[in-house]
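Presented below is the structure to which this report refers.
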Amino acid sequence: MRSDWTGSYLDGRSAARQPATVRLMREGLEITTAAAGTRFWPYRELRQTQGFYAGEEVRLERGGELPETLLIADPAFLESLHEAAPHVGLRFHDPRRRAARLRWTLAAAAGVLAATAAIYLWGIPLAAVLVTPHVPVAWEEAVGRSAVGVLAPPERRCEDPALGAALSTIVGRLTAGRPSSPYTVRVYVVNRSVVNAVAVPGGSVVIFRGLLERTRTPEELAGVLAHELQHVLLRHTTRAVIQDVGTGLLLMALTGDMTGPMAYGLETARALGELRYSRRAEEEADREGMKMLLAARVDPAGMLAFFETIRKEEGAQPEVLKYLSSHPMPTERIARLEALAAAAGPAEPVLPGEDWPALTRRC
Amino acid sequence: MFRRPTFHGTGGTLFGIHVVNTLLTLVTLGVYYFWAKTRLRQYLFGQTAIEGDRFAYHGTGRELLLGTLKAALVFGLPILLLNAVRDVLDVPAPVKVVAALLSASLIFVFFPVAMVGARRYRLGRTSWRGIRFSFRGRVWEMVKIVLSGSFFTALTFGLYYPFFLVARQTFMVSHSYFGNERFWFDGRGRDLFRSFLLAILLTLPTLGLCWVWYVARKRRYFWDHTAFGLARFSCTVTGPALLGLWVVNGLLLLCTLGLAWPWVRVRSIQFAFRYLALMGPLDLGRIQQEAQQVSALGEGLSGFFDSGFDLA
């Protein structure tokens, strides 16, 4: 153990470094400078503010607002200090513990992975499920109004009375079993060739002409509507917004910052993260939508037939891609629906005596 | 005399600190965030040196937490309430208009207050060779600068913006002190205006790329007109160099989904220091410590405005 060291002393009043010699004692440091002679610094009054990493000078400070400072360039000083005064313990950094610090950091990395997975898989979905019922329906309706204005501008809407009446009949059939719903369901048909249907928060469903024309029976459209209505009733948009905020906060905690170019990198991560949540919502809407059809005694074969049509057209019809991008249609999804449909009882036709193909072309 | 600041930190160590910070932030549901920020600053300041001596950061997580709570109380809560009146409550239209105006002006005032508060706090918590930095500008002066700057910028369709920037920089730099010695800024808006005008004219032909050159020019101009005592800063950064830094940093972040940020941070600091120097004599013997009251806990509202605070 070496007991005598050289360093610099700063008095906390001027920026001039004064050469100093330092002697390690059992209870403190003996510091000698040319200007002020020798003084004694007890260890318990000192704090270390630098010298935790390789290549740093060791800096010890003493006093409150304007502390005096001692700087020692040789990092071996700390090891000698711990040998001279073993009782100081964690008050001063011990370079010999740096290997342990690395091990702790690696353990923390494993902890971060575990905590992130837990929050992502359970924490955020749970929070969303708990918070969603407390979001006022009035807020959803306000958001829905502006969304409908963009998706279904008045000049693009199909206002055909016969078609409107048919849609009301189908919606009435589907929702008959749930008189207590806080939503007033409105269905808008928009004159666009895309094959898609969108559930808007607050109770509206937007159907595009391309999709309407591809349904061969009213039961097929009832299947699509049941699925979209479940998005509305299960408040999937509100849930998605909460999950979106949660994912954003999680990413912010993981990266510490979300400014500048960082935002772009995080946007990709966020989009990837939300895929899982949206797949989950789709499965839920499928399952509950099928239950809705069965409860309303609508033939489930219609829903299956429509999804089968869409799946087969994948790749051949670019128009269909739109529906598929938001409603992925793997074979196992149809298989799951078929399993649920097996429980169907006797069905009653939705629109007996109507010429459905003619109705769909009235847009 | 010619001095360059140096940075000794590494991306790997920064990443290690970040990993531990992240774990504690997640486990405490975000509360540790303020202490994490402090740890990070301690490391970054401590790895920055000039004349062989490193900077020290003296802030604490507790101060950051209280600063954020204070800002939330004085600005966040009123803005939230006013917005609720504007959007949700069923009140007459004039009340909604008044609420919207009040909320907008609070948001408007918040930015200068936050900028001055953060600068005061950060400088007040930074030292070099045991001498503290400090910021002594008044927050209302900044509010006035932002108010008139925004007004004239809007009035001239943006052409006034470089003058606004220079006024802000003058305020921020000329009220900064190291001990009892002051920093100076003697830039003039019209010098920057020429580059700004050129950048606007070249935006279409260069597809906006000329703005990188403008940012480099602005950085050079701001540093070259900053002085400390008899010494003057000098910055030699160029447009192509800045573009290279941004492209590589952007790609690093994009490919790693943001995980590479500690290395990006180190690269940016090292880049800035590569082009920055302090020229001329530095009479350190003359500099005396001056105690400044920089608490993150101001008393009362006026105390709040002129005490430093930081939003982490």
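Miscellaneous remarks
- Summed residue charge, Cβ within 10 Å of residue A:351's Cβ, Lys/Arg positive, Asp/Glu negative: -2
- Contour excess over end-to-end distance, with Cα ends at residue A:102 and residue A:126 and 0.36 nm allotted per residue: 5.2 nm
- Spacing of the two label points (7 Å from each Cα toward its C-beta) at residue B:81 and residue A:73, in nm: 6.0
- Of the peptides A:223-236, A:106-119, the order by per-residue mean of other Cβ atoms within 10 Å, starting with the highest, comes out as A:223-236, A:106-119.
- Here the gap between residue A:279 and residue A:45, fully extended at 0.36 nm per residue and compared with their Cα-Cα distance, gives a gain of 78.3 nm.
- Pairs of lysines in the protein assembly as shown (C-alpha under 26 Å apart; 8 or more residues apart or interchain): 6
- Degrees between helix A:331-341 axis and first principal axis of chain A (Cα, 0 to 90, nearest 10): 60
- Separation of the residue B:144 and residue B:188 label points, Cα + 7 Å toward Cβ, nm: 2.3
- Shielding by partners - mean other protein chain Cβ count within 10 Å, residues of B:23-30: 5
- Modelled label reach - residue A:91, point 7 Å along Cα→Cβ, segment A:4-32 residues with backbone N closer than 14 Å: A:24-30
- Axis angle, to the nearest 10 degrees, between helix A:98-118 and the longest C-alpha principal axis of chain A: 20 degrees.
- A Förster distance of 25 Å, applied to the separation of the beta-carbon atoms of residue A:213 and residue A:339, puts the FRET efficiency at 0.25.
- Residue-averaged beta-carbon neighbours from other chains (10 angstrom radius) around A:48-56: 4
- Antiparallel DSSP beta bridges within chain A, percent to nearest 5: 85
- Chymotrypsin sites (Phe, Trp or Tyr not before Pro) restricted to segment B:136-205 and DSSP loop, no more than 16 other C-beta within 10 Å: B:157
- Cα centroid separation - segment A:74-144 against segment A:268-301, whole Å: 36
- Using the empirical formula 2.2 N^0.38 Å as the baseline, the Cα radius of gyration of chain B reaches a ratio of 1.10.
- Ranked by the mean number of other Cβ atoms within 10 Å of their residues, highest first, the peptides A:290-297, A:160-167 fall in the order A:290-297, A:160-167.
- Cβ neighbours within 10 Å from other chains - mean over B:280-286: 2
- Per residue, the Cα convex hull of the protein assembly as shown amounts to 208 Å³.
- Highest to lowest packing among B:271-279, A:205-213, scored as the average C-beta count within 10 Å: A:205-213, B:271-279
Throughout, read-outs are computed from the coordinates displayed, never taken from laboratory work. This is a predicted model, so every value here is computed, not measured. With ideal geometry, Cβ positions are generated from the backbone for all residues, glycine too; neighbour counts draw on all protein chains shown.
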